[in-house]
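Working notes, structure below.
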Amino acid sequence: MIIDPETCMGCQACQIYCPMGAIAYLPDSGICRVNLDECVECGICLRPDPCPTDALQQQELDEIRELRRAFSNPLVPHKSTSVPGRGTEEIKTNEVTGRFKRGHAGVAVELGRPGTGTRFKDVETVAMAIAKCGVSFEPHNPVTALMTDVKTGKMRDDVLNEKVLSAIVEMVVTADNLAGVLKAIKNVAGQLDTVFSLDLACRVNPDNSAPVEEIARSVGFMPSINGKTNVGLGRPLAKED
């Protein structure tokens, strides 16, 4: 996003809409300017049409800026998955997709949030730490599509300093391997210049207990058990056999 300096009147009406604080008022010139290094191309500032002089404009985006846009604007589909928003069906849809069988767990590390964002160098740090545990990264995920080596979690060098609103590292692990993966995530947390949340998904036991809960607690995580059912949104594929 850019602001035309010729038509900007410095009213600052656009500032409150930027979730990254990338719009600054320049008192010396009396206009506003977008810090393109911090702008994630989410389009949030443009949608309410706050500028009385139409100085706020969506500039022509190159491939790298389009990448920022896809990870930050929920209305834009990712080229690698054709899915908008997060770019993946996500582990919480398991009752429909049936990806995680008994004895396995879905793990997702969601890096970045409005107000913080994340750069892909932090995403790579998490991915490479987890990859050492021998995980299988979700193939239908735009983060995985940016990896040059899915066995090590190495990502494209040209995207490492790019900033986006949020990105998800998603994978499948066996129950026996889950503790090691969670320890790797805990160990790497202090190296990150962003916030993240950790998601775990699994098939529940007949007594409705979650097998991953005890494992998570054993390595120092305090899980908050949440259930989500997608009623009427798809045909359940998960079966006991």
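Just so you know, all these numbers are worked out from the coordinates, no wet-lab data involved. All figures in this text were calculated on a predicted structure; none of them were measured in a lab.
Between the range 176-221 and the range 1-42, the C-alpha centres lie 40 angstrom from each other. With 0.36 nm allotted per residue and the present C-alpha distance subtracted, the Thr116-Ile16 stretch has 34.5 nm of extension available. Please compute, over every Cα-Cα pair in the range 1-60, the percentage with a separation greater than 14 angstrom. Percentage above 14 Å: 46. Computed as a quarter of the hull surface, the mean projected area of the alpha carbon convex hull for the chain stands at 15.1 nm².
Translational diffusion of the range 78-218, estimated by Stokes-Einstein from the Kirkwood radius over alpha carbon pairs at 25 °C in a medium of 0.890 mPa s, is 160 µm² per second.
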